[in-house]
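The values are calculated or read from the model by the stated rules, or taken from the named source; none is laboratory data. The shown structure was predicted, so the numbers you read here are calculated from the model rather than taken from an experiment. Positions of Cβ are backbone-derived with ideal geometry, glycine not excepted, and every protein chain shown enters the neighbour counts. What goes into the accessible areas is simple: the full protein's heavy atoms, side chains included, and nothing from ligands, DNA or RNA. Shrake-Rupley method; radii C 1.70, N 1.55, O 1.52, S 1.80 Å.
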Amino acid sequence: MVIGSHLLGSIVGGKMAHSNFGEDFLKNFKIPKYVLVPKSESENVPDVPECPVLVFINSRSGGQLGGDLLVTYRSLLNETQVFDLGEETPDKVLSRIYANLEKLKQNGDEFATKIQEKLRIIVAGGDGTAGWLLGVVSDLKLSHSPPIATVPLGTGNNLPFAFGWGKKNPGTDSQSVKSFLNEVKKAKEMKIDSWHLLMRMKTPKDGPLDPIAPLELPHSLHAFGRVSDTNELSVEGYHTFRGGFWNYFSMGMDAQVSYAFHTERKLHPEKFKNQFSNQSTYAKITRSQGWFSSSLSQSSSRNINQFAKLMIMKNHGGHWEELQIPPSIKSIVCLNLPSFSGGFNPWGMPTRRRHNGEFTPPYVDDGRIEVVGFRDAWHGLVLLAPKGHGTRLTQVINMKWFCYIICSNES
(Lines give C-alpha, C1' and ligand atoms only; values in the text may rest on other atoms or scores of the structure.)
Protein backbone atom coordinates (compact mmCIF):
# COMPACT_ATOMS: atom_id res chain seq x y z
CA MET A 1 0.00 0.00 0.00
CA VAL A 2 1.07 3.59 -0.51
CA ILE A 3 -0.20 6.42 1.66
CA GLY A 4 0.47 10.05 0.83
CA SER A 5 -0.95 13.50 1.57
CA HIS A 6 -2.76 14.56 -1.57
CA LEU A 7 -5.20 17.45 -1.30
CA LEU A 8 -7.29 19.48 1.12
CA GLY A 9 -11.07 19.12 1.40
CA SER A 10 -13.36 21.59 3.15
CA ILE A 11 -15.54 20.75 6.09
CA VAL A 12 -17.67 22.96 8.35
CA GLY A 13 -17.09 23.03 12.11
CA GLY A 14 -19.56 24.33 14.69
CA LYS A 15 -21.07 24.03 18.15
CA MET A 16 -24.68 23.07 18.70
CA ALA A 17 -27.17 25.34 20.46
CA HIS A 18 -30.94 25.73 20.60
CA SER A 19 -32.72 28.98 19.67
CA ASN A 20 -36.13 30.29 18.71
CA PHE A 21 -36.56 30.79 14.98
CA GLY A 22 -38.88 33.16 13.15
CA GLU A 23 -41.15 32.36 10.22
CA ASP A 24 -38.61 33.50 7.62
CA PHE A 25 -35.74 31.49 9.07
CA LEU A 26 -35.95 28.60 6.57
CA LYS A 27 -35.72 31.00 3.61
CA ASN A 28 -32.01 31.24 4.38
CA PHE A 29 -31.53 27.64 3.23
CA LYS A 30 -34.08 26.89 0.50
CA ILE A 31 -32.99 26.48 -3.12
CA PRO A 32 -35.56 26.91 -5.94
CA LYS A 33 -36.37 23.81 -7.95
CA TYR A 34 -35.22 25.25 -11.30
CA VAL A 35 -31.65 25.59 -9.97
CA LEU A 36 -31.46 21.91 -9.05
CA VAL A 37 -33.65 20.15 -11.63
CA PRO A 38 -32.72 20.55 -15.31
CA LYS A 39 -35.44 21.85 -17.67
CA SER A 40 -37.59 23.13 -14.80
CA GLU A 41 -39.56 26.35 -15.24
CA SER A 42 -37.81 29.50 -14.04
CA GLU A 43 -39.06 31.05 -10.83
CA ASN A 44 -39.19 34.61 -9.58
CA VAL A 45 -37.06 34.63 -6.45
CA PRO A 46 -36.46 38.06 -4.89
CA ASP A 47 -33.51 37.26 -2.63
CA VAL A 48 -30.58 34.86 -2.72
CA PRO A 49 -30.66 32.60 0.37
CA GLU A 50 -27.90 33.37 2.85
CA CYS A 51 -26.91 29.71 3.26
CA PRO A 52 -28.27 27.46 0.47
CA VAL A 53 -27.79 23.80 1.36
CA LEU A 54 -27.93 20.37 -0.22
CA VAL A 55 -28.75 17.61 2.27
CA PHE A 56 -27.63 13.99 1.88
CA ILE A 57 -28.96 11.47 4.40
CA ASN A 58 -28.06 7.81 4.81
CA SER A 59 -31.51 6.57 5.80
CA ARG A 60 -29.95 3.29 7.01
CA SER A 61 -27.74 5.00 9.59
CA GLY A 62 -28.64 5.39 13.24
CA GLY A 63 -31.38 2.77 13.19
CA GLN A 64 -34.63 4.66 12.61
CA LEU A 65 -32.96 8.06 13.02
CA GLY A 66 -31.84 8.30 9.40
CA GLY A 67 -35.36 7.80 8.08
CA ASP A 68 -36.79 10.23 10.64
CA LEU A 69 -34.25 12.90 9.71
CA LEU A 70 -35.10 12.46 6.04
CA VAL A 71 -38.78 13.13 6.75
CA THR A 72 -38.01 16.21 8.87
CA TYR A 73 -35.60 17.81 6.40
CA ARG A 74 -37.99 17.27 3.50
CA SER A 75 -40.82 18.84 5.49
CA LEU A 76 -38.74 21.95 6.26
CA LEU A 77 -36.87 22.45 2.96
CA ASN A 78 -37.71 21.84 -0.68
CA GLU A 79 -37.76 18.11 -1.38
CA THR A 80 -35.52 18.61 -4.41
CA GLN A 81 -32.61 19.62 -2.18
CA VAL A 82 -32.83 16.65 0.24
CA PHE A 83 -31.53 13.28 -0.97
CA ASP A 84 -31.69 9.73 0.39
CA LEU A 85 -28.34 8.06 -0.29
CA GLY A 86 -30.14 4.73 -0.42
CA GLU A 87 -32.02 5.91 -3.50
CA GLU A 88 -29.42 7.89 -5.45
CA THR A 89 -25.64 8.16 -5.14
CA PRO A 90 -24.11 11.58 -4.42
CA ASP A 91 -21.82 11.52 -7.47
CA LYS A 92 -24.83 11.36 -9.79
CA VAL A 93 -26.71 14.03 -7.83
CA LEU A 94 -23.85 16.51 -7.66
CA SER A 95 -22.77 15.97 -11.27
CA ARG A 96 -26.32 16.70 -12.42
CA ILE A 97 -26.74 19.76 -10.21
CA TYR A 98 -23.38 21.32 -11.09
CA ALA A 99 -23.97 20.71 -14.80
CA ASN A 100 -27.28 22.56 -14.48
CA LEU A 101 -25.64 25.38 -12.51
CA GLU A 102 -23.01 25.83 -15.21
CA LYS A 103 -25.69 25.95 -17.90
CA LEU A 104 -27.66 28.58 -15.97
CA LYS A 105 -24.51 30.65 -15.41
CA GLN A 106 -23.69 30.56 -19.12
CA ASN A 107 -27.19 31.89 -19.78
CA GLY A 108 -26.49 34.86 -17.50
CA ASP A 109 -28.43 33.66 -14.44
CA GLU A 110 -26.81 35.64 -11.60
CA PHE A 111 -29.02 33.96 -9.01
CA ALA A 112 -27.58 30.53 -9.90
CA THR A 113 -24.06 31.97 -9.78
CA LYS A 114 -24.56 33.26 -6.24
CA ILE A 115 -26.16 29.96 -5.16
CA GLN A 116 -23.05 28.10 -6.30
CA GLU A 117 -20.77 30.54 -4.47
CA LYS A 118 -22.67 30.19 -1.18
CA LEU A 119 -23.59 26.51 -1.39
CA ARG A 120 -22.95 24.24 1.59
CA ILE A 121 -23.55 20.50 1.95
CA ILE A 122 -24.98 18.64 4.93
CA VAL A 123 -24.33 14.90 5.18
CA ALA A 124 -26.04 12.73 7.81
CA GLY A 125 -24.52 9.32 8.40
CA GLY A 126 -21.47 7.60 9.82
CA ASP A 127 -17.82 8.32 9.09
CA GLY A 128 -18.01 6.15 5.98
CA THR A 129 -20.87 8.22 4.59
CA ALA A 130 -19.04 11.47 5.35
CA GLY A 131 -15.91 10.13 3.66
CA TRP A 132 -18.01 9.13 0.67
CA LEU A 133 -19.23 12.71 0.20
CA LEU A 134 -15.75 14.15 0.70
CA GLY A 135 -14.44 11.76 -1.95
CA VAL A 136 -17.18 12.61 -4.43
CA VAL A 137 -16.61 16.36 -4.00
CA SER A 138 -12.88 15.75 -4.44
CA ASP A 139 -13.50 13.79 -7.65
CA LEU A 140 -15.53 16.66 -9.14
CA LYS A 141 -12.41 18.89 -9.07
CA LEU A 142 -14.46 22.06 -8.62
CA SER A 143 -12.85 25.50 -8.61
CA HIS A 144 -14.60 26.11 -5.29
CA SER A 145 -15.64 23.01 -3.40
CA PRO A 146 -18.67 23.43 -1.13
CA PRO A 147 -17.85 23.00 2.59
CA ILE A 148 -19.46 19.99 4.25
CA ALA A 149 -21.17 19.79 7.65
CA THR A 150 -21.49 16.32 9.16
CA VAL A 151 -24.45 15.12 11.23
CA PRO A 152 -23.22 12.43 13.70
CA LEU A 153 -25.49 9.56 12.74
CA GLY A 154 -23.03 6.66 12.94
CA THR A 155 -21.36 4.61 15.68
CA GLY A 156 -17.98 6.31 16.15
CA ASN A 157 -18.66 9.73 14.55
CA ASN A 158 -15.00 10.72 14.57
CA LEU A 159 -15.30 13.24 11.74
CA PRO A 160 -18.20 15.19 13.30
CA PHE A 161 -16.51 15.14 16.70
CA ALA A 162 -13.20 16.45 15.34
CA PHE A 163 -15.01 19.43 13.80
CA GLY A 164 -17.22 20.40 16.71
CA TRP A 165 -20.52 18.70 15.83
CA GLY A 166 -20.37 16.23 18.72
CA LYS A 167 -20.44 12.44 18.67
CA LYS A 168 -23.93 11.60 19.93
CA ASN A 169 -26.78 10.91 17.52
CA PRO A 170 -28.88 14.07 17.04
CA GLY A 171 -32.54 14.82 17.61
CA THR A 172 -34.76 14.38 14.58
CA ASP A 173 -37.58 16.81 15.46
CA SER A 174 -38.07 20.11 13.65
CA GLN A 175 -36.54 22.22 16.42
CA SER A 176 -33.35 20.12 16.50
CA VAL A 177 -32.99 20.27 12.71
CA LYS A 178 -33.53 24.05 12.69
CA SER A 179 -30.90 24.40 15.39
CA PHE A 180 -28.44 22.41 13.29
CA LEU A 181 -29.22 24.50 10.20
CA ASN A 182 -28.57 27.65 12.20
CA GLU A 183 -25.16 26.34 13.27
CA VAL A 184 -24.33 25.44 9.66
CA LYS A 185 -25.13 29.03 8.66
CA LYS A 186 -22.82 30.45 11.35
CA ALA A 187 -20.01 27.89 11.12
CA LYS A 188 -16.60 28.82 9.73
CA GLU A 189 -15.03 26.93 6.87
CA MET A 190 -12.03 24.77 7.81
CA LYS A 191 -9.62 22.56 5.92
CA ILE A 192 -8.95 18.86 6.28
CA ASP A 193 -6.07 16.82 4.88
CA SER A 194 -6.91 13.84 2.72
CA TRP A 195 -4.68 10.83 2.18
CA HIS A 196 -4.52 8.58 -0.85
CA LEU A 197 -3.24 5.02 -0.82
CA LEU A 198 -2.48 2.23 -3.24
CA MET A 199 -3.59 -1.29 -2.38
CA ARG A 200 -2.07 -4.24 -4.22
CA MET A 201 -3.69 -7.65 -4.12
CA LYS A 202 -2.61 -10.80 -5.93
CA THR A 203 -4.59 -11.50 -9.08
CA PRO A 204 -7.21 -14.19 -8.32
CA LYS A 205 -7.15 -17.37 -10.36
CA ASP A 206 -10.92 -17.29 -10.85
CA GLY A 207 -13.45 -14.47 -10.94
CA PRO A 208 -13.16 -10.67 -11.23
CA LEU A 209 -11.75 -8.31 -8.63
CA ASP A 210 -13.55 -4.99 -8.84
CA PRO A 211 -13.56 -1.96 -6.51
CA ILE A 212 -16.04 -2.20 -3.66
CA ALA A 213 -18.79 0.40 -3.53
CA PRO A 214 -17.88 3.06 -0.92
CA LEU A 215 -20.76 2.23 1.42
CA GLU A 216 -19.74 -1.45 1.42
CA LEU A 217 -16.30 -0.69 2.85
CA PRO A 218 -15.80 -1.30 6.59
CA HIS A 219 -13.81 1.93 7.00
CA SER A 220 -14.01 5.49 5.71
CA LEU A 221 -12.18 4.55 2.53
CA HIS A 222 -13.18 6.22 -0.70
CA ALA A 223 -12.63 3.92 -3.69
CA PHE A 224 -11.07 5.81 -6.59
CA GLY A 225 -10.92 2.72 -8.82
CA ARG A 226 -8.42 0.22 -10.14
CA VAL A 227 -5.09 1.26 -11.65
CA SER A 228 -4.86 0.22 -15.33
CA ASP A 229 -2.32 -2.39 -16.39
CA THR A 230 -0.45 0.24 -18.44
CA ASN A 231 -0.02 2.62 -15.48
CA GLU A 232 3.50 2.88 -14.03
CA LEU A 233 2.06 2.03 -10.59
CA SER A 234 0.79 -1.33 -11.84
CA VAL A 235 2.73 -4.47 -10.85
CA GLU A 236 2.52 -7.72 -12.80
CA GLY A 237 0.56 -10.44 -11.00
CA TYR A 238 -1.30 -7.92 -8.84
CA HIS A 239 -4.41 -5.78 -9.07
CA THR A 240 -3.70 -2.28 -7.83
CA PHE A 241 -6.47 -0.10 -6.39
CA ARG A 242 -6.52 3.56 -5.45
CA GLY A 243 -8.37 4.71 -2.36
CA GLY A 244 -8.44 7.61 0.05
CA PHE A 245 -9.35 8.38 3.63
CA TRP A 246 -9.97 11.42 5.81
CA ASN A 247 -10.11 9.99 9.32
CA TYR A 248 -7.80 6.98 9.82
CA PHE A 249 -6.57 3.77 8.28
CA SER A 250 -5.78 0.73 10.41
CA MET A 251 -4.38 -2.77 10.13
CA GLY A 252 -4.20 -5.69 12.52
CA MET A 253 -6.45 -5.88 15.59
CA ASP A 254 -8.61 -2.80 14.96
CA ALA A 255 -9.07 -3.63 11.28
CA GLN A 256 -10.12 -7.21 12.06
CA VAL A 257 -12.72 -6.09 14.62
CA SER A 258 -14.04 -3.36 12.31
CA TYR A 259 -14.42 -5.81 9.44
CA ALA A 260 -16.27 -8.31 11.64
CA PHE A 261 -18.57 -5.51 12.85
CA HIS A 262 -19.24 -4.38 9.28
CA THR A 263 -19.98 -7.95 8.16
CA GLU A 264 -22.36 -8.59 11.06
CA ARG A 265 -24.21 -5.32 10.44
CA LYS A 266 -24.56 -6.16 6.76
CA LEU A 267 -25.99 -9.62 7.53
CA HIS A 268 -28.24 -8.55 10.43
CA PRO A 269 -29.07 -4.83 10.12
CA GLU A 270 -32.06 -5.26 12.47
CA LYS A 271 -29.65 -5.79 15.40
CA PHE A 272 -28.04 -2.37 14.96
CA LYS A 273 -30.80 -0.09 16.15
CA ASN A 274 -28.93 2.72 17.88
CA GLN A 275 -25.50 4.07 18.77
CA PHE A 276 -25.34 2.43 22.21
CA SER A 277 -26.24 -1.06 20.98
CA ASN A 278 -23.75 -0.68 18.10
CA GLN A 279 -20.95 0.21 20.51
CA SER A 280 -21.89 -2.74 22.73
CA THR A 281 -21.75 -5.10 19.76
CA TYR A 282 -18.34 -3.70 18.82
CA ALA A 283 -17.03 -4.44 22.33
CA LYS A 284 -18.47 -7.98 22.23
CA ILE A 285 -16.74 -8.70 18.91
CA THR A 286 -13.46 -7.41 20.34
CA ARG A 287 -13.80 -9.75 23.31
CA SER A 288 -14.90 -12.75 21.22
CA GLN A 289 -11.82 -12.44 19.01
CA GLY A 290 -9.56 -12.66 22.04
CA TRP A 291 -8.13 -9.17 21.92
CA PHE A 292 -8.78 -8.75 25.66
CA SER A 293 -6.56 -11.76 26.39
CA SER A 294 -3.09 -10.98 27.72
CA SER A 295 -0.43 -10.37 25.09
CA LEU A 296 1.53 -13.41 26.34
CA SER A 297 -1.41 -15.76 25.67
CA GLN A 298 -1.95 -14.52 22.11
CA SER A 299 -0.24 -16.07 19.10
CA SER A 300 2.81 -14.17 17.88
CA SER A 301 1.41 -14.52 14.35
CA ARG A 302 -0.91 -11.64 15.27
CA ASN A 303 2.05 -9.30 15.76
CA ILE A 304 2.26 -6.71 12.98
CA ASN A 305 5.95 -7.35 12.32
CA GLN A 306 5.15 -11.03 11.61
CA PHE A 307 3.13 -10.26 8.48
CA ALA A 308 3.91 -6.69 7.45
CA LYS A 309 6.84 -4.36 6.95
CA LEU A 310 6.35 -0.63 7.15
CA MET A 311 8.74 1.55 5.15
CA ILE A 312 8.86 5.33 5.23
CA MET A 313 10.39 7.88 2.88
CA LYS A 314 10.59 11.24 4.62
CA ASN A 315 11.95 13.20 1.66
CA HIS A 316 10.88 13.02 -1.97
CA GLY A 317 13.55 11.16 -3.90
CA GLY A 318 15.10 9.88 -0.69
CA HIS A 319 15.60 6.30 0.35
CA TRP A 320 13.24 3.90 2.07
CA GLU A 321 13.72 3.39 5.79
CA GLU A 322 12.11 0.51 7.66
CA LEU A 323 10.10 1.66 10.66
CA GLN A 324 11.03 -0.45 13.64
CA ILE A 325 7.81 -1.84 15.10
CA PRO A 326 7.99 -3.33 18.61
CA PRO A 327 7.32 -7.11 18.46
CA SER A 328 4.33 -6.81 20.81
CA ILE A 329 2.35 -4.42 18.54
CA LYS A 330 -0.76 -6.08 17.11
CA SER A 331 -2.56 -3.04 15.70
CA ILE A 332 -1.37 0.01 13.78
CA VAL A 333 -3.52 3.08 13.21
CA CYS A 334 -2.54 5.82 10.72
CA LEU A 335 -4.33 8.91 12.00
CA ASN A 336 -5.46 12.02 10.15
CA LEU A 337 -7.83 13.15 12.93
CA PRO A 338 -7.27 13.60 16.67
CA SER A 339 -10.36 11.39 17.09
CA PHE A 340 -10.58 7.60 17.00
CA SER A 341 -13.05 4.98 18.21
CA GLY A 342 -15.74 7.46 19.23
CA GLY A 343 -13.71 10.49 20.28
CA PHE A 344 -10.48 9.14 21.80
CA ASN A 345 -7.12 10.61 20.80
CA PRO A 346 -4.63 7.70 20.49
CA TRP A 347 -1.73 10.04 19.67
CA GLY A 348 -2.31 12.20 22.71
CA MET A 349 -1.00 15.74 23.08
CA PRO A 350 2.82 15.87 23.17
CA THR A 351 3.79 18.99 25.11
CA ARG A 352 7.10 19.82 23.42
CA ARG A 353 7.55 21.21 19.93
CA ARG A 354 9.08 18.92 17.33
CA HIS A 355 12.85 19.16 17.79
CA ASN A 356 15.47 16.46 17.49
CA GLY A 357 12.85 13.80 16.82
CA GLU A 358 10.19 14.93 19.29
CA PHE A 359 6.52 14.79 18.25
CA THR A 360 3.89 17.53 17.94
CA PRO A 361 0.13 17.49 18.70
CA PRO A 362 -2.11 16.26 15.87
CA TYR A 363 -4.26 18.58 13.75
CA VAL A 364 -6.64 17.92 10.87
CA ASP A 365 -4.89 20.27 8.45
CA ASP A 366 -1.18 20.10 9.32
CA GLY A 367 -0.10 17.91 6.40
CA ARG A 368 1.06 15.25 8.85
CA ILE A 369 -0.07 11.74 9.60
CA GLU A 370 0.47 10.04 12.94
CA VAL A 371 1.16 6.29 13.24
CA VAL A 372 0.20 4.68 16.56
CA GLY A 373 0.52 1.08 17.75
CA PHE A 374 -1.41 -1.01 20.29
CA ARG A 375 -0.52 -4.34 21.93
CA ASP A 376 -4.10 -5.49 22.64
CA ALA A 377 -7.52 -4.19 23.68
CA TRP A 378 -6.31 -3.66 27.25
CA HIS A 379 -3.62 -1.35 25.90
CA GLY A 380 -6.39 0.60 24.16
CA LEU A 381 -8.05 1.27 27.52
CA VAL A 382 -5.15 3.60 28.35
CA LEU A 383 -6.99 6.16 26.20
CA LEU A 384 -9.52 6.51 29.02
CA ALA A 385 -6.85 8.21 31.14
CA PRO A 386 -6.57 12.01 30.85
CA LYS A 387 -3.13 11.89 29.16
CA GLY A 388 -3.30 8.33 27.88
CA HIS A 389 -2.08 7.43 24.40
CA GLY A 390 -0.93 4.47 22.34
CA THR A 391 2.65 3.70 21.33
CA ARG A 392 3.77 6.58 19.12
CA LEU A 393 5.65 5.02 16.20
CA THR A 394 6.21 7.92 13.82
CA GLN A 395 4.83 11.27 12.68
CA VAL A 396 5.46 12.21 9.08
CA ILE A 397 5.48 15.82 7.90
CA ASN A 398 4.29 17.26 4.56
CA MET A 399 3.24 15.54 1.34
CA LYS A 400 6.47 13.67 0.68
CA TRP A 401 5.90 10.57 2.74
CA PHE A 402 4.90 7.12 1.69
CA CYS A 403 4.35 3.82 3.39
CA TYR A 404 4.61 0.33 1.87
CA ILE A 405 2.92 -2.57 3.61
CA ILE A 406 4.38 -5.87 2.44
CA CYS A 407 2.18 -8.76 3.55
CA SER A 408 3.13 -12.41 3.56
CA ASN A 409 1.17 -15.04 1.64
CA GLU A 410 -0.27 -16.43 4.89
CA SER A 411 -1.87 -13.14 6.00
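Arrange the residues 363, 34, 238 by how much accessible surface each exposes, largest first, with a 1.4 angstrom probe.
363, 238, 34
For segment 98-189, take N as its residue count and report Rg(C-alpha) divided by 2.2 N^0.38 Å.
Computed over Cα atoms of segment 98-189, the ratio equals 1.22.
Which net charge results for the neighbourhood of residue 117, defined as the other residues with beta-carbon distances under 14 angstrom from its beta-carbon, given Lys and Arg at +1 and Asp and Glu at -1?
After counting each charged neighbour, the total is -1.
Which order do the peptides 74-85, 364-375 take when ranked by the mean count of other beta-carbon atoms within 10 Å per residue, highest first?
364-375, 74-85
Once neighbouring chains are kept in place and the probe is 1.4 Å, which whole percent of the accessible area of segment 14-163 is contributed by carbon and sulfur?
46
Rounded to the nearest 0.05, what FRET efficiency is calculated for residue 39 and residue 64 with R0 set to 45 Å and r the Cβ-Cβ distance?
That pair, residue 39 with residue 64, gives E of 0.80.
Which whole-number percent of Cα pairs in segment 24-101 have a distance greater than 19 Å?
40
Roughly how far apart, in whole Å, are the Cα centres of segment 14-85 and segment 141-198?
15
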